[in-house]
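A short worksheet on the structure shown next.
The values are calculated or read from the model by the stated rules, or taken from the named source; none is laboratory data. Computed from a predicted structure; not experimentally measured. Positions of Cβ are backbone-derived with ideal geometry, glycine not excepted, and every protein chain shown enters the neighbour counts. Just the protein is used for accessible areas: all its heavy atoms, side chains included, with ligands, DNA and RNA removed. Shrake-Rupley method; radii C 1.70, N 1.55, O 1.52, S 1.80 Å.
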Amino acid sequence: MEKLNFPDRVTVELTNDCNVSCTFCNRQKVAMDIGYMDEKLYYKIIDEMAEHLPVKLVPFFRGEPLMHPQIIEFIQYAKEKGIGPIQIASNALLLDEKMQDALLETGIDYMSFSLDTIDPQIYKCSRLHGDLDISSKNVEAMGLKCRERKKKGLSAPTIQVSTINIAEYIPGQKEFIQKWLPYVDVVRVYEQHDEKGRLVDPEIRAKLDVFDERKPCRKVFTDMIIYWDGRLALCNYDWEEHRNIGNVNTMTLKEAWDSKEYESVRHMHLCNQFDKGICAECHHWKIDYTQDGFIGTSYHL
(Lines give C-alpha, C1' and ligand atoms only; values in the text may rest on other atoms or scores of the structure.)
Protein backbone atom coordinates (compact mmCIF):
# COMPACT_ATOMS: atom_id res chain seq x y z
CA MET A 1 0.00 0.00 0.00
CA GLU A 2 1.27 3.45 -0.92
CA LYS A 3 -0.40 6.66 0.16
CA LEU A 4 -1.84 8.71 -2.69
CA ASN A 5 -0.63 12.28 -2.98
CA PHE A 6 -4.26 13.33 -2.45
CA PRO A 7 -7.27 11.11 -1.70
CA ASP A 8 -9.06 9.84 -4.80
CA ARG A 9 -12.38 9.69 -2.95
CA VAL A 10 -13.69 12.10 -0.33
CA THR A 11 -16.76 11.38 1.78
CA VAL A 12 -18.42 14.59 2.96
CA GLU A 13 -21.06 14.13 5.61
CA LEU A 14 -23.68 16.76 4.77
CA THR A 15 -25.57 15.81 7.93
CA ASN A 16 -25.68 13.04 10.49
CA ASP A 17 -29.37 13.71 11.09
CA CYS A 18 -31.86 11.10 9.92
CA ASN A 19 -35.63 10.96 9.43
CA VAL A 20 -35.81 7.18 9.92
CA SER A 21 -34.66 5.21 12.95
CA CYS A 22 -33.45 1.75 11.93
CA THR A 23 -33.19 -0.79 14.72
CA PHE A 24 -30.05 -2.33 13.21
CA CYS A 25 -28.28 0.96 12.45
CA ASN A 26 -25.07 1.91 14.23
CA ARG A 27 -26.73 5.21 15.13
CA GLN A 28 -28.42 3.28 17.93
CA LYS A 29 -25.05 2.44 19.48
CA VAL A 30 -23.18 5.74 19.39
CA ALA A 31 -23.66 9.16 20.94
CA MET A 32 -23.07 12.09 18.59
CA ASP A 33 -23.98 15.73 18.25
CA ILE A 34 -26.40 16.22 15.36
CA GLY A 35 -25.61 18.90 12.82
CA TYR A 36 -25.55 20.05 9.21
CA MET A 37 -22.45 21.04 7.26
CA ASP A 38 -22.04 24.78 6.81
CA GLU A 39 -21.93 25.99 3.20
CA LYS A 40 -18.66 27.84 3.74
CA LEU A 41 -16.94 24.65 4.87
CA TYR A 42 -18.49 22.62 2.06
CA TYR A 43 -17.35 25.03 -0.63
CA LYS A 44 -13.87 25.14 0.86
CA ILE A 45 -13.67 21.34 0.65
CA ILE A 46 -14.97 21.19 -2.93
CA ASP A 47 -12.69 23.99 -4.12
CA GLU A 48 -9.62 22.17 -2.86
CA MET A 49 -10.79 18.85 -4.29
CA ALA A 50 -11.13 20.58 -7.66
CA GLU A 51 -7.40 21.32 -7.58
CA HIS A 52 -6.60 17.59 -7.45
CA LEU A 53 -8.87 16.00 -10.07
CA PRO A 54 -9.96 13.32 -10.63
CA VAL A 55 -11.62 12.89 -7.23
CA LYS A 56 -14.81 11.01 -6.38
CA LEU A 57 -17.33 12.58 -4.00
CA VAL A 58 -19.63 10.76 -1.57
CA PRO A 59 -21.82 13.48 0.01
CA PHE A 60 -23.28 11.41 2.84
CA PHE A 61 -22.22 9.49 5.88
CA ARG A 62 -24.05 8.79 9.14
CA GLY A 63 -27.34 10.45 8.18
CA GLU A 64 -29.90 11.09 5.43
CA PRO A 65 -28.32 13.42 2.84
CA LEU A 66 -31.63 14.56 1.31
CA MET A 67 -32.39 16.30 4.62
CA HIS A 68 -29.74 18.94 3.95
CA PRO A 69 -31.60 21.99 2.57
CA GLN A 70 -28.76 22.80 0.15
CA ILE A 71 -28.09 19.32 -1.22
CA ILE A 72 -29.06 20.18 -4.80
CA GLU A 73 -26.97 23.34 -4.78
CA PHE A 74 -24.07 21.42 -3.25
CA ILE A 75 -24.11 18.62 -5.83
CA GLN A 76 -24.43 21.12 -8.69
CA TYR A 77 -21.43 23.05 -7.42
CA ALA A 78 -19.28 19.91 -7.21
CA LYS A 79 -20.30 18.90 -10.74
CA GLU A 80 -19.44 22.35 -12.08
CA LYS A 81 -15.99 21.96 -10.53
CA GLY A 82 -15.42 18.71 -12.45
CA ILE A 83 -15.66 16.43 -9.44
CA GLY A 84 -17.02 12.94 -9.87
CA PRO A 85 -18.41 10.44 -9.94
CA ILE A 86 -20.78 11.67 -7.22
CA GLN A 87 -22.50 8.90 -5.25
CA ILE A 88 -25.09 9.07 -2.48
CA ALA A 89 -27.27 6.70 -0.47
CA SER A 90 -30.72 7.51 0.86
CA ASN A 91 -33.81 5.97 2.44
CA ALA A 92 -35.87 7.70 -0.33
CA LEU A 93 -38.48 9.11 2.05
CA LEU A 94 -37.81 12.66 0.76
CA LEU A 95 -37.37 11.59 -2.87
CA ASP A 96 -40.58 13.18 -4.12
CA GLU A 97 -41.07 14.23 -7.74
CA LYS A 98 -39.50 17.65 -7.22
CA MET A 99 -36.42 16.10 -5.60
CA GLN A 100 -36.18 13.45 -8.34
CA ASP A 101 -36.14 16.04 -11.11
CA ALA A 102 -33.71 18.30 -9.25
CA LEU A 103 -31.26 15.44 -8.67
CA LEU A 104 -31.44 14.39 -12.32
CA GLU A 105 -30.64 17.95 -13.36
CA THR A 106 -27.50 17.97 -11.20
CA GLY A 107 -26.01 15.13 -13.20
CA ILE A 108 -25.43 12.95 -10.13
CA ASP A 109 -23.79 9.65 -11.09
CA TYR A 110 -24.95 7.03 -8.61
CA MET A 111 -27.81 6.70 -6.12
CA SER A 112 -28.36 3.82 -3.74
CA PHE A 113 -31.61 3.40 -1.82
CA SER A 114 -31.82 1.34 1.35
CA LEU A 115 -35.23 -0.35 1.30
CA ASP A 116 -34.43 -3.81 2.73
CA THR A 117 -37.82 -5.52 2.39
CA ILE A 118 -41.13 -5.46 0.52
CA ASP A 119 -43.08 -6.45 3.62
CA PRO A 120 -44.67 -3.33 5.19
CA GLN A 121 -44.93 -4.90 8.64
CA ILE A 122 -41.30 -5.99 8.75
CA TYR A 123 -40.25 -2.58 7.44
CA LYS A 124 -42.35 -0.84 10.08
CA CYS A 125 -40.75 -2.84 12.88
CA SER A 126 -37.15 -2.37 11.75
CA ARG A 127 -37.32 1.15 10.25
CA LEU A 128 -39.13 3.27 12.80
CA HIS A 129 -40.68 6.49 11.45
CA GLY A 130 -40.18 5.27 7.89
CA ASP A 131 -42.87 4.64 5.28
CA LEU A 132 -42.20 1.78 2.87
CA ASP A 133 -45.04 2.77 0.54
CA ILE A 134 -43.75 6.32 0.08
CA SER A 135 -40.11 5.30 -0.27
CA SER A 136 -40.90 2.48 -2.70
CA LYS A 137 -43.08 4.63 -4.96
CA ASN A 138 -40.41 7.32 -4.98
CA VAL A 139 -37.71 4.86 -6.07
CA GLU A 140 -39.97 3.26 -8.66
CA ALA A 141 -40.61 6.67 -10.20
CA MET A 142 -36.93 7.61 -10.10
CA GLY A 143 -35.91 4.30 -11.65
CA LEU A 144 -38.40 4.63 -14.50
CA LYS A 145 -37.32 8.21 -15.19
CA CYS A 146 -33.70 7.10 -15.42
CA ARG A 147 -34.57 4.30 -17.84
CA GLU A 148 -36.52 6.67 -20.05
CA ARG A 149 -33.65 9.16 -20.08
CA LYS A 150 -31.17 6.48 -21.05
CA LYS A 151 -33.45 5.31 -23.92
CA LYS A 152 -33.36 8.88 -25.24
CA GLY A 153 -29.57 9.05 -24.95
CA LEU A 154 -29.71 11.39 -21.95
CA SER A 155 -27.55 11.11 -18.87
CA ALA A 156 -28.98 9.40 -15.81
CA PRO A 157 -27.49 8.02 -12.62
CA THR A 158 -26.99 4.34 -11.93
CA ILE A 159 -29.76 3.34 -9.51
CA GLN A 160 -29.32 0.70 -6.83
CA VAL A 161 -31.58 -0.63 -4.10
CA SER A 162 -30.14 -2.57 -1.21
CA THR A 163 -30.96 -4.87 1.64
CA ILE A 164 -28.97 -6.38 4.49
CA ASN A 165 -28.47 -10.02 5.37
CA ILE A 166 -30.22 -9.97 8.72
CA ALA A 167 -32.75 -12.46 10.09
CA GLU A 168 -35.82 -10.28 9.47
CA TYR A 169 -35.07 -9.73 5.80
CA ILE A 170 -33.61 -13.04 4.60
CA PRO A 171 -36.93 -14.96 4.15
CA GLY A 172 -38.23 -12.37 1.69
CA GLN A 173 -34.94 -11.65 -0.05
CA LYS A 174 -35.75 -13.46 -3.31
CA GLU A 175 -39.03 -11.56 -3.69
CA PHE A 176 -37.23 -8.29 -2.87
CA ILE A 177 -34.72 -8.88 -5.66
CA GLN A 178 -37.44 -9.84 -8.17
CA LYS A 179 -39.50 -6.79 -7.25
CA TRP A 180 -36.71 -4.29 -7.84
CA LEU A 181 -34.76 -5.57 -10.84
CA PRO A 182 -37.32 -4.16 -13.35
CA TYR A 183 -36.83 -0.67 -11.91
CA VAL A 184 -33.13 -0.37 -11.08
CA ASP A 185 -29.68 -1.20 -12.39
CA VAL A 186 -28.45 -3.12 -9.36
CA VAL A 187 -29.95 -4.87 -6.35
CA ARG A 188 -27.33 -5.37 -3.68
CA VAL A 189 -27.34 -7.52 -0.57
CA TYR A 190 -24.90 -6.27 2.06
CA GLU A 191 -23.47 -8.15 5.00
CA GLN A 192 -24.08 -6.44 8.32
CA HIS A 193 -21.21 -4.71 10.14
CA ASP A 194 -21.27 -3.34 13.65
CA GLU A 195 -20.13 0.12 14.78
CA LYS A 196 -16.51 -1.08 14.83
CA GLY A 197 -16.46 -2.41 11.27
CA ARG A 198 -16.76 -6.05 12.33
CA LEU A 199 -18.86 -8.49 10.32
CA VAL A 200 -21.79 -9.63 12.46
CA ASP A 201 -22.50 -13.01 10.86
CA PRO A 202 -20.05 -15.61 12.27
CA GLU A 203 -20.37 -17.79 9.15
CA ILE A 204 -19.35 -14.90 6.88
CA ARG A 205 -16.48 -14.08 9.22
CA ALA A 206 -15.32 -17.70 9.05
CA LYS A 207 -15.43 -17.73 5.23
CA LEU A 208 -13.20 -14.65 5.11
CA ASP A 209 -10.83 -15.89 7.78
CA VAL A 210 -8.33 -17.17 5.22
CA PHE A 211 -5.48 -14.75 5.76
CA ASP A 212 -2.23 -15.80 7.42
CA GLU A 213 -1.76 -12.32 8.78
CA ARG A 214 -3.46 -8.96 9.00
CA LYS A 215 -2.94 -6.81 5.90
CA PRO A 216 -3.14 -3.01 5.53
CA CYS A 217 -6.53 -1.43 4.85
CA ARG A 218 -6.67 0.51 1.62
CA LYS A 219 -8.94 3.26 2.93
CA VAL A 220 -6.35 5.11 5.03
CA PHE A 221 -4.15 5.34 1.92
CA THR A 222 -6.80 6.43 -0.60
CA ASP A 223 -9.94 7.82 1.08
CA MET A 224 -10.77 10.81 3.26
CA ILE A 225 -13.94 11.00 5.37
CA ILE A 226 -15.11 14.33 6.77
CA TYR A 227 -17.79 14.67 9.44
CA TRP A 228 -20.34 17.50 9.12
CA ASP A 229 -18.34 19.68 11.53
CA GLY A 230 -15.02 19.33 9.70
CA ARG A 231 -13.35 16.65 11.82
CA LEU A 232 -11.84 13.67 10.01
CA ALA A 233 -12.92 10.06 10.47
CA LEU A 234 -10.59 7.14 9.87
CA CYS A 235 -13.05 5.50 7.47
CA ASN A 236 -16.77 5.01 6.90
CA TYR A 237 -16.92 2.63 9.87
CA ASP A 238 -15.52 5.24 12.22
CA TRP A 239 -18.78 6.50 13.69
CA GLU A 240 -17.25 8.19 16.74
CA GLU A 241 -13.91 9.85 15.83
CA HIS A 242 -11.74 7.23 17.47
CA ARG A 243 -8.56 9.15 16.67
CA ASN A 244 -7.85 12.85 16.15
CA ILE A 245 -6.28 12.94 12.68
CA GLY A 246 -7.29 16.43 11.55
CA ASN A 247 -9.95 19.08 11.17
CA VAL A 248 -10.48 20.80 7.82
CA ASN A 249 -11.88 23.91 9.48
CA THR A 250 -8.34 24.80 10.50
CA MET A 251 -6.33 22.80 7.94
CA THR A 252 -6.41 22.25 4.22
CA LEU A 253 -7.38 18.77 3.10
CA LYS A 254 -3.80 18.24 1.95
CA GLU A 255 -2.40 19.32 5.32
CA ALA A 256 -4.75 16.92 7.09
CA TRP A 257 -3.91 14.13 4.63
CA ASP A 258 -0.19 14.57 5.29
CA SER A 259 -0.50 15.19 9.04
CA LYS A 260 1.70 13.37 11.52
CA GLU A 261 -1.40 11.88 13.14
CA TYR A 262 -2.72 10.46 9.87
CA GLU A 263 0.73 9.13 8.96
CA SER A 264 0.93 7.30 12.29
CA VAL A 265 -2.27 5.42 11.38
CA ARG A 266 -0.80 4.36 8.03
CA HIS A 267 2.41 3.27 9.75
CA MET A 268 0.32 1.15 12.09
CA HIS A 269 -1.23 -0.63 9.11
CA LEU A 270 2.03 -1.14 7.26
CA CYS A 271 3.78 -2.55 10.32
CA ASN A 272 0.82 -4.61 11.47
CA GLN A 273 1.18 -3.19 14.95
CA PHE A 274 -2.25 -2.03 16.07
CA ASP A 275 -3.25 -0.36 19.28
CA LYS A 276 -6.71 -0.89 20.78
CA GLY A 277 -8.44 1.53 18.39
CA ILE A 278 -11.11 0.73 15.81
CA CYS A 279 -8.59 -0.49 13.20
CA ALA A 280 -7.46 -3.35 15.42
CA GLU A 281 -10.87 -5.05 15.43
CA CYS A 282 -12.24 -4.08 12.02
CA HIS A 283 -12.87 -6.66 9.27
CA HIS A 284 -13.33 -4.14 6.46
CA TRP A 285 -9.72 -4.41 5.28
CA LYS A 286 -10.50 -7.89 3.92
CA ILE A 287 -12.66 -6.37 1.19
CA ASP A 288 -9.54 -5.17 -0.62
CA TYR A 289 -8.21 -8.71 -0.79
CA THR A 290 -11.34 -10.40 -2.13
CA GLN A 291 -11.93 -11.01 -5.83
CA ASP A 292 -14.75 -8.47 -6.17
CA GLY A 293 -13.64 -5.97 -3.55
CA PHE A 294 -17.08 -6.35 -1.99
CA ILE A 295 -18.51 -8.54 0.76
CA GLY A 296 -22.05 -9.37 -0.27
CA THR A 297 -23.97 -10.13 -3.48
CA SER A 298 -25.17 -7.97 -6.34
CA TYR A 299 -27.88 -8.74 -8.90
CA HIS A 300 -28.44 -7.22 -12.34
CA LEU A 301 -31.34 -7.51 -14.77
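Within the listed set 279, 22, 271, the Gaussian network model of the chain (springs between alpha-carbon atoms below 10 Å) gives the highest mean-square fluctuation for 271. Oblate is the label for the range 1-109, because a/c, from the alpha-carbon gyration tensor with a ≥ b ≥ c as root eigenvalues, is 1.5 or above and a/b does not exceed b/c. Ordered by 1.4 Å accessible area with all protein chains kept, 124, 81 run largest first as 124, 81. Modelled spin-label separation between residue 289 and residue 53, with each label point placed 7 Å from Cα along the Cα-to-Cβ direction: 3.7 nm. Between residue 155 and residue 192, the modelled labels are 3.9 nm apart [label points 7 Å from Cα along Cα→Cβ]. Taking a Cβ cut-off of under 15 Å around residue 179, the surrounding Lys, Arg, Asp and Glu residues balance to a net charge of -3, with basic ones at +1 and acidic ones at -1. The alpha carbon gyration tensor of the range 87-170 gives principal lengths a ≥ b ≥ c with a/c of 1.5 or higher and a/b greater than b/c, which makes the shape prolate. Per residue, the chain exposes 47 Å² of accessible surface when a 1.4 Å probe is rolled over the protein heavy atoms with every protein chain present. Could you list log10 I(q)/I(0) for the range 59-121 at q = 0.12, 0.13, 0.23 Å⁻¹, which the Debye formula gives when each Cα is one point scatterer? Taking Cα atoms of the range 59-121 as identical point scatterers yields -0.30, -0.35, -1.01. About the centre of its Cα atoms, the range 1-117 shows a dipole size close to 380 debye [charges on the beta carbon of Lys, Arg (+1) and Asp, Glu (-1) only; nearest 20 debye].
In a reduced charge model with +1 at each Lys and Arg Cβ and -1 at each Asp and Glu Cβ, the chain shows a dipole moment near 580 debye about its Cα centre. For the chain, the 222 nm mean residue ellipticity estimated from helices alone, with every DSSP H stretch of n ≥ 4 adding -39500 (n - 2.57) and the total spread over all residues, rounds to -9000 deg cm²/dmol. Comparing mean-square fluctuations of 125, 282, 235 from a GNM of the chain with C-alpha springs under 10 Å, the top value falls on 125.
Shown here: the range 29-83, whose C-alpha atoms stretch 36, 20, 17 Å along the first, second and third principal axes, sorted largest to smallest. Rounded, prolate or oblate, given the Cα gyration tensor of the chain, with a/c below 1.5 counting as rounded? The shape class here is oblate.
Using a Gaussian network model of the chain in which every pair of alpha carbons under 10 angstrom is joined by a spring, one finds that among 16, 165, 272 the greatest mean-square fluctuation is at 272.
Couplings 3J(HN,Hα) of the range 53-58, computed from phi: 5, x, 9, 7, 10, 10 Hz, in residue order, whole Hz [Karplus 6.51 cos²θ - 1.76 cosθ + 1.60, θ = phi - 60°; x for Gly and Pro]. From the alpha carbon centroid of the range 22-46 to that of the range 105-170 is 22 Å. The length gained by stretching the chain between residue 215 and residue 300 to full extension, at 0.36 nm per residue less their Cα-Cα distance, is 27.5 nm.
Simple point charges give the picture: +1 on the Cβ of Lys and Arg, -1 on the Cβ of Asp and Glu, and for the range 82-172 a dipole about the Cα centre of about 340 debye.
For the chain, the cysteines with no partner cysteine C-beta closer than 4.7 Å are 18, 125, 146, 217, 235, 271, 279, 282. Once both labels are positioned 7 Å from their Cα atoms along Cα-to-Cβ, the gap between residue 21 and residue 141 label points is 2.8 nm. Given a 1.4 Å probe and every protein chain left where it sits, what share in percent of the accessible area of the chain is carbon and sulfur? Percent of accessible area from carbon and sulfur atoms in the chain: 50.
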